[in-house]
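For reference, the structure is listed below as structure tokens.
Only the coordinates and a few stated rules stand behind these numbers; no lab work does. Computed from a predicted structure; not experimentally measured. Cβ placement follows ideal geometry from the backbone for every residue including glycine, while neighbour counts extend to all protein chains displayed.
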Amino acid sequence: MEKIPADWKEREGFSRRWWKWRTLGQVCEQKPARGLGLTLQVTASLSLLFLAQLSLRTVNSSRSAYACFLFAPLFFQQYQAATPGQDPLRCKILMKSFLSVFRSLAILEKTVEKCCISLNVRSSRLVVQLYCKYGVRKTHNLSFQDCESLQAVFDPAVCPHVLCAPARVLGEAVLPFPPALAEVTLGIGRGHRIILRSYQEEADSTIKAMVTEMSIGGEDFQQLQAQEGVAITFCLKEFRGLLSFAESANLSLSIYFDGPGRPAIFAIKDSLLDGHFVLATLSEPDPHPQDLRAPELQQPAPQLQAHSTPHLDDFALDDIDSYMIAMETTVGSEGSRTLPSTSLSPGFQPHCSPGSHSEEEDDTEPSTVPGTPPPKKFRSLFFGSILAPAHSPQGPSPVLAEDSEGEG
Amino acid sequence: MKFRAKLVDAACLNNFTRVSNMIAKLAKTCTLRISPDKLNFILSDKVANGGENFFSEFQMEGVSAENNAIYLELTSENLSRALKTAQNARVLKIKLTNKHFPCLTVSIELLSVSSSSRVVTHDIPVKVIPRKLWKDLQEPTVPDADVSIYLPVLKTMKSIVEKMKNISNHLIIEANLNGELNLKIETELVCVTTHFKDLGNPPLASENASQDRSSEQMAEVHIDIRKLLQFLAGQQVNPTKATCNIVKNKIVHFDLLHEDVSLQYFIPALS
């Protein structure tokens with residue numbers, strides 16, 4: 001089942017990387033005669049690949065984002081797979097090195113006619129050969145290391161909530177958000193509207209940032225299976241990577257999610273490839289006495305609901321939102337409403353868990369004094385390292401059970 | 001204190017966005033003065049205005065009956081960023097809200113191909129400026145100009161000033177009542193002057209002052225070229241009317257009119 005999973009180190013490379021693969025594949029589809037294709041060759045002395053499928057995987061250093069792309073053999077012009085019965089081959093390569101081969105997409109499209117990727121186990125090199133115009137052949141020898149299988153344990157089928165929309169719709173949805181924004185909250189508001197809202201860490205209350213919220217009707221979505229009020233917060237930057245790829249390939253993007261703290265799965269699929277991004281989501285803090293206020297200020301969901309009904313015509317009815325602002329002499333009126341700690345865990349500090357080598361994802365939360373806000377943390381994900389390789393279970397594996405939220 | 005306004009006209013929306021972009025280019029922070037009949041953007045040393053004609057609905061209630069105005073301070077980039085999403089807007093609403101802290105909420109309903117509507121909401125944090133600081137933000141009194149002249153095409157002026165900036169930061173603007181305007185740079189090594197002719201002069205407010213001055217005589221002021229460039233860089237569209245008023249050795253005042261929006265820009269002389 002494992003092909004060449006690679007433990008890519010840099011997450012920024014995601015979108016660039018996949019885009020390139022896709023473009024190469026596309027040209028292969030459209031003009032097979034021109035033959036920009038990929039040939040995977042394995043020399044005779046290698047252990048051959050188990051399944052006729054190439055998979056590329058990567059995870060970021062804090063283990064809060066994971067990506068996996070599976071390429072069907074048809075993606076390639078020629079694909080020589082392993083003979084069954086042999087151990088699948090795994091190697092890992094530095095993302096930077098691999099990306100440097102495919103650096104400029106424009107130049108690639110113009111000059112490269114064929115690309116051959118092969119594995120030279122003897123010298124521990126992944127050989128990428130670009131056959132370019134005018135007889136130029138560029139050969140890149142990238143050293144690789146053997147590695148254990150990088151297998152995130154996740155199963156979309158287990159997630160109770162699903163959203164599916166053309167990538168274009170989601171692309172338009174994230175357009176109003178500033179490019180530098182790190183996290184975004186996605187949720188379902190009243191009237192089955194999908195709400196996206198910029199998420200700000202409450203760390204520094206003196207710096208007040210602009211909050212942007214986008215509300216889209218459920219009709220724009222191909223699939224909407226989620227209750228009102230449910231919301232998750234995840235890294236927008238990672239999401240943008242997959243989104244731009246999906247938009248360029250004109251695919252639909254499905255989002256499978258559960259609740260805050262549980263990983264969210266973003267999937268794209270077409271006949272030639274299968275991509276999954278699994279991102280960690282912010283977990284909820286323990287309820288605090290001061291959080292038990294007017295509900296519309298506490299949970300993200302009701303906050304989302306407050307905006308979910310578009311104030312379409314009757315302008316005068318907008319009174320609900322406007323408050324008298326106490327000025328100058330700010331006596332304790334509404335102006336000095338306590339800054340609520342967001343109902344989501346205050347911040348996106350990835351909790352680097354060493355758990356990737358154990359089955360139980362032991363999120364050892366530092367013990368805190370009850371009543372204090374939980375430390376910034378993220379649920380670290382899901383990684384099992386499946387040490388016994390050869391016959392990793394096919395099909396849905398149970399989602400790694402994480403410790404529940406209680407911190408004592 | 002209350003404020004809400006609504007924009008439905010695409011042209012007005014464009015104008016408003018343009019003003020906001022111009023403000024964002026001029027200054028990092030700006031002050032919004034909301035009065036019963038107009039909206040002013042105030043930047044230190046410069047003042048830009050917007051009128052009520054922009055808005056199809058405009059309601060405000062100031063701090064008190066005698067002081068029926070609201071002064072808000074905000075980061076100009078936030079507003080221009082919020083308005084960027086308003087390019088395909090059906091309706092734009094602005095109102096003053098309190099969401100944990102005072103905000104100017106810009107709510108944009110987008111034109112959508114599908115049946116469902118899409119709404120984008122931006123909450124721009126603002127600081128309400130207390131009454132005691134209002135006096136610092138009044139429109140400056142414009143002293144009588146020695147010379148008043150219409151400006152040449154701003155784009156031309158901008159490209160010239162940009163090149164001059166490479167030579168020196170000290171620019172001399174001079175003009176006379178004969179429709180002539182000169183931009184001068186003087187250094188030890190080189191002297192560059194650009195002459196604009198036949199620009200035309202608007203009728204001067206105070207005719208007395210002009211009696212003493214022959215129409216050939218130039219009134220000049222020395223300014224920091226970067227301030228002029230900053231002003232010119234923010235102008236993307238040619239205004240309906242552009243006037244330059246020079247008070248000899250004191251100040252140069254640019255008065256632009258873009259349809260409903262008037263922009264006043266003051267550059268003091270270098271000491």
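Quick notes on this one:
- Overall dimensions of the range B:52-170, expressed as equivalent-ellipsoid semi-axes from the Cα gyration tensor (√(5λ), whole Å, largest first), are 34, 26, 15.
- Backbone N under 15 Å from the B:L189 label point (7 Å along Cα→Cβ), restricted to the range B:148-175: B:164-169
- Per-residue average of Cβ from other chains inside 10 Å of B:93-99: 5
- Placing R0 at 56 angstrom, the Cβ-Cβ distance between A:R103 and A:V158 gives a FRET efficiency of 0.90 after rounding to 0.05.
- In the elastic network of chain B, a GNM with C-alpha springs shorter than 10 Å, the most mobile of B:K132, B:K250, B:K155 is B:K132.
- The P(r) of chain B has a tail past 23 Å containing 57 percent of all C-alpha pairs.
- Hydrodynamic radius of the range A:234-281 by the Kirkwood approach over all distinct alpha-carbon pairs: 11.0 Å.
- As computed over the range B:139-271, the Cα convex hull volume per residue (Å³): 112
- In the range B:113-185, Cα pairs under 8 Å separated by at least six residues give a relative contact order of 25 percent.
- Note on B:106-116: average number of Cβ atoms from other chains within 10 Å of each residue's Cβ is 4.
- If R0 equals 30 Å, the separation of the Cβ atoms of B:H222 and B:K135 corresponds to a calculated FRET efficiency of about 0.55.
- Once the C-beta distance of A:V127 and B:S168 is scaled by a Förster radius of 51 Å, the resulting FRET efficiency is 0.30 to the nearest 0.05.
- Cα-Cα pairs of the range A:87-228 separated by more than 17 Å (percent): 75
- Furthest towards positive pole of dipole, B:S112, B:I167, B:V19, structure part chain B, Cβ charges: B:S112
- 9 Å beta-carbon shell around B:E57, net charge (K/R +1, D/E -1): +3
- Per residue of B:75-85, other chain Cβ atoms within 10 Å of the residue Cβ number 2 on average.
- Ellipsoid semi-axes for the range A:144-278, based on the Cα gyration tensor and the rule √(5λ), read 24, 20, 16 Å when sorted largest first.
- Exposed loop sites, defined as GluC sites (Glu not before Pro) outside DSSP H, G, I, E and B with at most 12 other Cβ atoms within 10 Å, are absent from the longest region of chain B, namely B:67-187.
- Loop-located trypsin sites (Lys or Arg not before Pro) in the range B:1-37 (DSSP state other than H, G, I, E, B) with a sparse environment of at most 10 neighbouring Cβ atoms within 10 Å: B:K28.
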